[in-house]
């Protein structure tokens, strides 16, 4: 925050984990038979023009790299699906098309409708562009949306976006690792860690498909066509000046958000949680935190320590009636 009091979002590089997550942690639910796969994977086409068959897997990856660099379109069979999108085959290589990159998947579908729509794509062929390739990790990510957009319009839109911009957009789809947002022709990602200063279990707890949103642009990778976005950076970090709003010995109202073996976390304000260590929950010995509090309980707690740099606040229930004990370290 500047002396004037104006808060400026930090310039932090976007989290790359979402690209790694595209092909990990998703169990394939259904695929076509092995015999059918052999037929589906046999032909390689770029648009309607067949290209010569490569001799080994290394050549296949090199072909894919050239196709991606040239921006050519592939027409590939869908051989399976999972919760996050569909799997396509190409000469023994498997590629992944995230649901957010499918033109034929409306954003207004319920989760059950979405799964049925993905299932119905198995056995069809899609016109796709390669948007991410890593042969060392056997990762091949494709997009139907990239192939359907007018490339000059998309590039113009991408060129207009700069880090630090605040843009209006619309949520196109949600997945476990974040939310994709359309910025008038360019799709960006709000990683789950950038949705709120509060802990977010799933993007669906914060956003829904079709919702208009205002986003902060963290990073723009024009070469790869990636835009990293944030919702939380449009609001000040609640920990930044926590010591100016709260003091040791102060009694605060809060709501229990999580109960674990070593204590309970309490929401003091949006984005700011404190910990009541098990030793500060009760005077009784050998009690489990769940014997004292439950998620959703409203509590009054005494602040016994504050560390804004480490984003920690120690709280106590048992000391609420004995504030002279304040100052002991609750961690």
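Any read-out appearing in this document is the output of simple, stated calculations on the displayed coordinates, not a laboratory observation. Since the model is a prediction, treat every value here as computed from it, not as a measurement. Note that each Cβ is placed from the backbone with ideal geometry, even for glycine, and that neighbours are counted across all protein chains shown.
Would you please classify the overall shape of the stretch 128-228 from the alpha carbon gyration tensor, given that a ≥ b ≥ c denote the square roots of the eigenvalues, rounded means a/c under 1.5, and beyond that prolate means a/b larger than b/c while oblate covers the rest? Oblate is the answer for the stretch 128-228, as a/c is 1.5 or above yet b/c matches or exceeds a/b.
Note on residue 284 and residue 170: their simple-model spin labels are 5.6 nm apart, each label 7 Å out from Cα toward Cβ.
Neighbour counting of Cβ atoms within 10 Å sorts the residues 68, 313, fewest neighbours leading, into 68, 313. Listed from fewest to most Cβ neighbours within 10 Å, the set 257, 124 follows the order 124, 257. For the stretch 151-234, the antiparallel share of DSSP beta bridges with both residues in that region comes to about 90%.
Residues 180, 262 in ascending order of nearby Cβ atoms (within 10 Å, fewest first): 262, 180.
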